[in-house]
1. Which pairs turn up if I take residues in segment 14-32 that are farther than 13 Å from PRO43 by Cβ and part of a loop (DSSP other than H, G, I, E, B) and look for partners that are modelled with pLDDT under 90 and of a type in the set (A, V, I, L, M, F, W, C) with beta carbon separation below 6 Å, at least 6 apart in sequence or on another chain?
2. Whether any residue in segment 40-57 is modelled with pLDDT under 85 and acidic (Asp, Glu) is what I want to check.
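The values are calculated or read from the model by the stated rules, or taken from the named source; none is laboratory data. Only a predicted model underlies this, so the values are computations on that prediction, with no experimental measurement involved. Heads up, the Cβs are rebuilt from the backbone with ideal geometry, glycines too, and the neighbour counts pull from every protein chain shown.
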Amino acid sequence: MMDHLQDFCSEVLVWRQLRHPNILPFIGANLELFEPRFCFISPWMNNGDIMSYLKQHPDHDRFKTVSIPKVPLYLCANR
């Protein structure tokens, strides 16, 4: 449990510092709402998460939706 809490706190510290158009802003974290699981809090997105959106829109051009290569490069540069 302590390892998971430590990992969770590390993720919180990283996410709260990120500023990128393809990464949702960090609003907060909660250790009690879904106990025994932890949860991150970010803004609500009208279309839900990317996987739900793509299931509902199977013909959507996925390559135009997400500029995936930019996010990992940003994350690596800001660690």
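1. Close Cβ pairs satisfying both conditions: ASN22/VAL71; LEU31/PHE38.
2. Within segment 40-57, one or more residues are modelled with pLDDT under 85 and acidic (Asp, Glu).
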